[in-house]
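The values are calculated or read from the model by the stated rules, or taken from the named source; none is laboratory data. If you're wondering where the values come from, they're calculated on a predicted model, not measured in any experiment. Because the Cβ atoms are built from the backbone with ideal geometry, glycine has one as well, and the counts that use them run over all protein chains shown.
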Amino acid sequence: MLDAAQRPQGNVEPIVRRRRSKFRLFAIIFMFVLLAGGIFIGSKLVIFAQKIFEGQKFSFARLFTSSDKLLQGEDGGEIKILLMGISGGNHDGATLADTMILATLKLPKEKNESTQVSLFSIPRDLAANVPGFGVKKINSAYAYGEAAGKNNGPMLAVDATEDLLGTDIPYYAVIDFQGFEDIINHLGGIKLNVETGFTDELFPDDRGGYLEPLVFHAGEQTMDGRRALQYVRSRHGNNNQGSDFARARRQQVLLKALKDEVFQLKVLTNLNLLNQLMEDFAGHVRTNLEPRGLMRLYDLTKDIKQENILSLSFQLGSTLLCDYISELDGQFLLIPCAGLGNFEQIREFWRNQFVDGRLAEENPRIEIQNAAQGEPLAAYTAELLSMPHITPLTGNFSGDAVYRESVIYDNTGGKKPHTLSYLQEVLKIKTASSPFPFKNLTEGGADFVIVVTPDIKRP
């Protein structure tokens, strides 16, 4: 256990270490199959449901009862589910949570708004308070809860995550590695459009070594469960496919393809397939969502569009998390750069997940040009735009015009609307009706140019 007064020593770089994350999408896909397929009808339903729905007595009457009963958090507009993936089996580390993703369903408040889902990835090596065990890697909470047959892994992981983010999480869902492969295989594989081909020469095998180089060619293809997992798991691909952004994009492609596959196969009317999927879930899934709650969740999300499923994670180069080697046992940890146990900045990052998720998707190039001399207005404005996916380039105004008020130039022609909306909301300055007419600071041009004058500083 670490002393809460400890802080990073020496030159600890404020970066997020890229760690191997086995089958990062297991829990996401489990949730999506549940939502998209409604797969809780079948001849073996009661037997399977008793294994899946923990601590609940199952009956057909409860399933077919109206799903109008509100889920916890629904009246406040947000429903939270902690999704976890474990390796399973009898080997060492079988109950460590290799994947921890907090899924938040945000319901629309106005008629013109859409339902959104944010998938917030929690680093497995993040040092957090595990109730009853002190400061540990957060992925170990599940294992501590399962030790000695206590069968409390999901709830202990929920408790640790609630303490980390300062929020209540009423629901959880857990799936193991084999479950993902079985589901994809029983669906007959999954059709994917590989947008960018790549080769990964460092993909790990199950024996501490590496597989033969994995090669993914661009174009449409059908993948079985194992191949699909390799596609979304790869983290050493060439051709710009080794980044977090590239992996997130591949995951989004897989998620959309899975949704299409489930609907095309008409799972509810295919009793043989339904029975196979029920067996997959019975052997590999745990959740405290009751059947009626899942049907309610399905009702709320059945029309959600793929572009409204947002993925958010800590970025390399972030100032939120720092590498740390414990002086007690030499263990590698990620801790808040603000100090061990100081989670306020992480909580703020999570609270802004829907805004920053949109910004991450648009990946805007922004520059700020100071049109007034003698005052660091560009740097001041950059500080106002504090989202992790806003990294503006700053400098002095490059043109020969005289500006008397600050202005935003949208050079995309409206193609990045969420970024423009964020800039307008935060800066509260005018938006020009034409592209920026002067020289850019950014090589290759910028999506947005913000020219600032002293009026940017308002009381």
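A few comments on the model shown:
- Flag for A94 being in contact with a helix residue (DSSP H, G or I) (Cβ under 9 Å, 6 or more places away or on another chain) and within 21 Å of Y171 (Cα to Cα): no
- Members of segment 320-341 found to be assigned to a loop (DSSP other than H, G, I, E, B) and surrounded by 14 or more Cβ atoms within 10 Å (Cβ to Cβ), listed by number: L320, S326, Q331, C337, A338, G339, L340, G341
Yes or no, residue by residue, for (1) acidic (D, E); (2) within 24 Å of I86 (Cβ to Cβ); (3) in the same structural domain as L274 (by TED's automatic domain parsing); (4) at pLDDT 90 or above:
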| residue | (1), (2), (3), (4) |
| --- | --- |
| D176 | yes, yes, yes, no |
| D182 | yes, yes, yes, no |
| F198 | no, no, yes, yes |
| E201 | yes, no, yes, yes |
| E220 | yes, no, yes, yes |
| A228 | no, yes, yes, no |
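- Close pairs (7 angstrom Cβ cut-off, 6 or more residues apart or separate chains): modelled with pLDDT of 95 or more in segment 436-459, exposed (fewer than 13 other Cβ atoms within 10 Å of the Cβ) anywhere: T453/R404
- Residue in segment 342-355 that is at pLDDT below 85, part of a helix (DSSP H, G or I) and not aliphatic (A, V, I, L, M) present: no
- Failed item in (1) under 19 Å from the mean Cα position of the chain (by Cα); (2) crowded, with 19+ Cβ neighbours inside 10 Å; (3) closer than 21 Å to I81 by Cβ, with D125 passing the rest: (3)
- Within segment 391-431, the set of residues being part of a strand (DSSP E or B) and either aliphatic (A, V, I, L, M) or closer than 20 Å to T442 by Cα (or both) comprises L393, T394, G395, N396, V407, I408, Y409, D410, T431.
- Of the residues contained in segment 283-299, one or more are found to be modelled with pLDDT of 75 or more, surrounded by fewer than 16 Cβ atoms within 10 Å (Cβ to Cβ) and of a type in the set (D, E, K, R).
- Some residue of segment 385-404 being among the basic types (K, R), over 15 Å from I450 (Cα atoms) and without any contact (Cβ under 8 Å) to a residue 60 or more places away in the chain: no
- Any hit, segment 247-256, residues being crowded, with 16+ Cβ neighbours inside 10 Å, of a type in the set (A, V, I, L, M, F, W, C), at pLDDT below 65 and in contact with a strand residue (DSSP E or B) (Cβ under 7 Å, 6 or more places away or on another chain): yes
- Of the residues in segment 175-186, none is part of a strand (DSSP E or B), farther than 25 Å from A282 by Cβ and in contact with a helix residue (DSSP H, G or I) (Cβ under 9 Å, 6 or more places away or on another chain).
- Subset of segment 134-157 that is charged (D, E, K, R) and either touching a Cys at 6+ places or on another chain (Cβ under 9 Å) or over 22 Å from P336 (Cβ atoms) (or both) - its residue that is surrounded by the most Cβ atoms within 10 Å (Cβ to Cβ): E146
- Breaking point among (1) over 28 Å from R351 (Cβ atoms); (2) part of a loop (DSSP other than H, G, I, E, B); (3) not polar (S, T, N, Q), for P388: (1)
- A401 passes every criterion in (1) more than 26 Å from E307 (Cβ to Cβ); (2) in contact with a Phe, Trp or Tyr (Cβ under 8 Å, 6 or more places away or on another chain); (3) modelled with pLDDT of 95 or more; (4) not polar (S, T, N, Q) apart from (3).
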